[in-house]
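These notes are about the structure you will find just below.
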Amino acid sequence: QVQLVESGGGLVQAGGSLRLSCAASGRTFSSYAMGWFRQAPGKEREFLAAISSSGGSTYYRGTMKARFTISRDNAKNMVYLQMTSLIPEETAVYYCAARPGSGDYYRIVGYDYWGQGTQVTVSS
């Protein structure tokens, strides 16, 4: 079993940057692919980025790769999401999630474990 705790959210001005962190418990962290999602009020949860269990492969939603970078440190049981050039429309709760093996990383189904989320608010 994996427990996930996100941190690093907060208030940032438009155009600013944030680095989200996700701390994972459990000795099997390195066997899970990890993903980042977000959910804005009144909207569905959406995929942002994912990284394979080894960290050797990364996947992004659309053009997110230009502004977001996902990374992980298996020695520390951590996964990160560096976000730049944020806009107010990206105000949301950001979640990290873990899934065994590989597959359709952009699908919510398949992620077995989720954190409680961290609020990101982008002011104009």
### Query
Regarding Tyr94, is this residue buried (at least 17 other Cβ atoms within 10 Å of the Cβ), under 18 Å from Val122 (Cβ atoms) and either within 14 Å of the chain's Cα centre (by Cα) or modelled with pLDDT of 95 or more (or both)?
yes
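Being without any contact (Cβ under 8 Å) to a residue 40 or more places away in the chain, open to solvent by 50 Å² or more (accessible area, probe 1.4 Å), in a strand (DSSP E or B) and not charged (D, E, K, R), is that true of even one residue in region 61-71? Outline the logic, then answer.
Restricting attention to region 61-71, the residues satisfying the condition of being without any contact (Cβ under 8 Å) to a residue 40 or more places away in the chain are 62-71.
Restricting the remaining residues to those that are open to solvent by 50 Å² or more (accessible area, probe 1.4 Å) gives 62-63, 65-67, 69.
Next cut, in a strand (DSSP E or B) only: 69.
Restricting the remaining residues to those that are not charged (D, E, K, R) gives 69.
Yes, there is a match, as at least one residue in region 61-71 is without any contact (Cβ under 8 Å) to a residue 40 or more places away in the chain, open to solvent by 50 Å² or more (accessible area, probe 1.4 Å), in a strand (DSSP E or B) and not charged (D, E, K, R).
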### Message
I'd like to verify a number: residues in region 49-60 that are part of a strand (DSSP E or B) and touching a residue at least 40 places away in the same chain (Cβ under 8 Å), how many?
### Response
2
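If you go through region 77-84 one residue at a time, do you hit one that is among the β-branched types (Val, Ile, Thr), loosely packed, with under 13 Cβ neighbours inside 10 Å and modelled with pLDDT of 95 or more? Spell out the reasoning first.
Restricting attention to region 77-84, the residues satisfying the condition of being among the β-branched types (Val, Ile, Thr) are 79, 84.
Adding the requirement that they be loosely packed, with under 13 Cβ neighbours inside 10 Å leaves none.
Scanning region 77-84, I find no residue that is among the β-branched types (Val, Ile, Thr), loosely packed, with under 13 Cβ neighbours inside 10 Å and modelled with pLDDT of 95 or more, so the answer is no.
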### Query
Can Ala33 be described as modelled with pLDDT of 95 or more, open to solvent by 30 Å² or more (accessible area, probe 1.4 Å), closer than 15 Å to Gly115 by Cα and not in a loop (DSSP other than H, G, I, E, B)?
no
#### Entry: Ala23, sole failed condition from (1) open to solvent by 30 Å² or more (accessible area, probe 1.4 Å); (2) more than 16 Å from Trp114 (Cα to Cα); (3) assigned to a strand (DSSP E or B)
(2)
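The values are calculated or read from the model by the stated rules, or taken from the named source; none is laboratory data. All values reported here derive from a predicted model rather than from experimental measurement. Every residue, glycine as well, gets a Cβ built from its backbone with ideal geometry; the counts of neighbours run over all protein chains shown. With ligands, DNA and RNA removed, areas are computed over all heavy atoms of the protein, side chains included. Shrake-Rupley method; radii C 1.70, N 1.55, O 1.52, S 1.80 Å.
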